[in-house]
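As structure tokens, the structure follows; a few thoughts come after it.
Every number here is computed from the coordinates shown, using simple stated rules; none is lab data. Here the structure is a predicted model, which means the values were calculated and not measured. Backbone-built Cβ (ideal geometry, glycine too); neighbour counts: all protein chains shown.
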Amino acid sequence: MRFLMVIFFAAIIFVFTCTASFTQFIHDGTILFRFTMNPNWSELLLYNLSHFQNPSYVIQKLGHMTCFFIFTGILMNYFHNLKKATFLAFSYAVFTEIAQLFFTRDGRLLDVGYDSIGIVTFVLLYTLIKKFVMNRKEEQALN
């Protein structure tokens, strides 16, 4: 069941990132894939931070962080190995950005950075919670 959850959530991320128009997907539920064999690789290096003035852009980037926070948690639940979960989540973030170039979307390394914020946030929270739980268990064992 946990493996199916990994596959299911990875598929959701893939649809979100590779459907022809994220806006049409959100507003109309339209899922459409347009494949090209000649992606524009230079798009990976483009960035424009002025978009932060647009609330929908900020919400979309928060979505990147949230999806990869959750995905890292799902991977951790499946593998029970934080390093492996972190590596796989980061690898999938890179993969989805490169895949977007083949589906007429704008793949950006900057978005890998947003995804990574979600991944790192999960790792930090997991580590803090684990440390807190371990300390509580030690305290209870002493009493």
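Taking every alpha-carbon pair under 8 Å whose residues sit at least 6 apart, segment 14-89 reaches a relative contact order of 15 percent. Helices assigned as whole DSSP H runs in the chain whose Cα atoms extend at least 15 Å along their own long axis and whose mean Kyte-Doolittle hydropathy is 1.6 or higher are found at 2-18.
With a Förster radius of 25 Å, plug the Cβ-Cβ distance of MET37 and ILE117 into 1/(1 + (r/R0)^6) and report the FRET value to the nearest 0.05. Spell out each step's value before the answer.
Working: r = 32 Å, r/R0 = 1.29.
Once the sixth-power term is evaluated, E becomes 0.20.
With contacts taken as Cα pairs under 8 Å and at least 6 residues apart, the chain reaches a relative contact order of 31 percent. Between PHE122, PHE52, PHE90, the Gaussian network model of the chain with springs among Cα atoms under 10 angstrom shows the greatest mean-square fluctuation at PHE52. Per the Debye calculation on segment 74-143 with a single equal scatterer at every Cα and no solvent contribution, log₁₀ I(q)/I(0) for q = 0.20, 0.21 Å⁻¹ amounts to -0.84, -0.89. Cross-link reach is defined here as a Cα-Cα straight distance under 16 Å, omitting same-chain residues fewer than 8 places apart; for LYS61 the aspartates and glutamates meeting it are GLU97, ASP106, ASP111, ASP115.
The Cα center of segment 30-51 and the Cα center of segment 99-126 differ in position by 14 Å.
Beyond 22 Å in Cα-Cα separation lie the following of the pairs LYS84/LYS137; LYS83/LYS131; LYS84/LYS131; LYS83/LYS137: LYS84/LYS137; LYS83/LYS137. From helices alone, the chain scores -25000 deg cm²/dmol at 222 nm; the rule is -39500 (n - 2.57) for each run of n ≥ 4 DSSP H residues, then divide by the residue total.
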